[in-house]
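Asker: Questions regarding the structure given below will be posed in turn.
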Amino acid sequence: MSDIEFIGYISNNNSSETIVRKGPVLDPVHIETVAKAHENAGFDRVLLAFHSTTPDSLQVAQHVLGVTGRLNVLIAQRPGFTAPTLLARQFAVLDQFSKGRVALHVITGGNAKELRQDGNTLDDKDERYARTSEFLDVVRSEWTSDKPFSYTGKYYQVENGFSQVKPYRPEGIRIYFGGASDAAIEVAGKHADTFALWGESYAQVREQTARVRAAAAKHGRPAPRFSLSVRPILADTEEKAWAKAHEILARATALQDQTGYRRPADGHATAGAKRLLAAAEQGARVDKRLWTEIAKLTGANSNTTALVGTPEQVAEVFGDYYDLGISHFLIRGFDPLIDTIEYGRELLPATRQLIAERQRTQGVAAE
């Protein structure tokens, strides 16, 4: 079962498409409570997201690690704003303190307007991905080189770079990677240990994983692991689950002006968002129970497709995705604390049991 990973999500405060924030932007009590809930629920890891205007995910992750004992963190960072040599050492130090509980989630960023809030000067997305590739070249050298190294690229130059501190484990710090454009796939092929997809249809997952596998092969690397991000909506009957989904949609629609989760007025959509919107064009419900209405409502510029049903029904769909090569499931709900507890009580155990049975069956069939 070691290849299955459940990744949760910790926001900086209690808010979502259906919850208007009431407390501070950085709410330590919320962060601590939800972190402990994820650990108690049996999650393997939690994502700490990155945005040009929000609290720094590296420091939030440090706090999460401090209030938990087993939970791993997936820290989102954007190349271009911290020197790669420095970021590599920051991550290695945190990895040492936490005894190997750290992973890096590399998000290049698809919205040039938002990136300018952080001082970005590269408006061309392909150029940003070229910068990302150089960034990761340097980060890996800092983590792995046993002697000083030099690097000469278009975006980064390093003379005799060296980190005295290395990652905690011999295999180093895993790099998760997100992005759906051709340039993103190319960089993922060279650098990703785990490639993150949003909650796409079965057909889209087949297509996207094939592109990434081909890119990795071109660089002489094994295929990365694959992660799928989705928002499970659960109830004890399918009918109640769909009723809950429609309530969530009504509430998200009514609160758009207060939460800020609405389709961008300028129509901006990243390559990943366009893929989710393409799925939504197929209808409100795709495949068995992939629900696209929140993606359609908000413009899909984040993880916005849902799986609706009983825990057993959603676990069955996770089993389908597992058969397509997905081994990591990044899940979050619309009520951060309550949904985390609910997932841990039923969905995680049901999925782990179902996939273990499939592995046993496949193992027997192979003999």
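Asker: How far, in nm, would the chain grow between GLU238 and ASP146 when pulled straight, counting 0.36 nm per residue and subtracting the alpha carbon separation?
Answerer: In short, 27.5 nm is gained.
Asker: To the nearest 10 degrees, how steeply does helix 348-366 sit against the main Cα axis of the chain, on a 0 to 90 scale?
Answerer: 80
Asker: List the trypsin sites (Lys or Arg not before Pro) within the range 274-332 that DSSP assigns to loop and that have no more than 16 neighbouring Cβ atoms inside 10 Å.
Answerer: Those that pass, being in a loop and sparsely packed, are LYS288.
Asker: How much length is gained if the chain between GLN359 and VAL93 is pulled fully straight, taking 0.36 nm per residue apart and subtracting their Cα-Cα distance, in nm to one decimal?
Answerer: Computed gain between GLN359 and VAL93 is 92.1 nm.
Asker: Any chance you could run the full-extension gain for PHE162 through SER52? It's 0.36 nm times the residue separation minus the Cα-Cα distance, nm to one decimal.
Answerer: Taking 0.36 nm per residue and subtracting the Cα distance, the gain is 36.7 nm.
Asker: GNM, the chain, Cα, under 10 Å: largest mean-square fluctuation among LEU255, LEU65, LEU48?
Answerer: Looking only at LEU255, LEU65, LEU48, the biggest GNM fluctuation is shown by LEU255.
Asker: I'd like the orientation of helix 28-41 relative to the chain: the angle between its Cα long axis and the longest Cα principal axis, in ° from 0 to 90, rounded to 10.
Answerer: Roughly 70 degrees, rounded to the nearest 10.
Asker: So if we plug the beta-carbon distance of LYS218 and HIS246 into 1/(1 + (r/R0)^6) with R0 = 35 Å, what FRET efficiency do we get, rounded to 0.05?
Answerer: Calculated transfer efficiency: 0.20.
Asker: Tilt of helix 271-281 relative to the longest C-alpha principal axis of the chain, in degrees (0 to 90, nearest 10)?
Answerer: 20
Asker: Moving on to the next point. In nm, give the distance between the simple-model label positions of ASP3 and LYS22, each being 7 Å from the Cα along the Cα-to-Cβ direction.
Answerer: Between ASP3 and LYS22, the label points sit 4.6 nm apart.
Asker: Here's something else I'd like to know. Take SER327 and GLU127, extend 7 Å from each Cα along the Cα→Cβ direction, and tell me the distance between the two endpoints in nm.
Answerer: Each label point is offset 7 Å from its Cα along the Cβ direction, giving 3.8 nm.
Asker: Roughly how many whole Å is it from the C-alpha centroid of the range 318-367 to that of the range 1-52?
Answerer: Centre-to-centre distance over Cα atoms comes out at 19 Å.
Read-outs throughout are calculated quantities, based only on the coordinates presented, and are distinct from any laboratory measurement. What you are looking at is a predicted structure, and each value in this text was computed from that prediction instead of being measured. For neighbour counting, all protein chains shown are included, and Cβ atoms are generated from backbone atoms with ideal geometry for every residue, glycine included.
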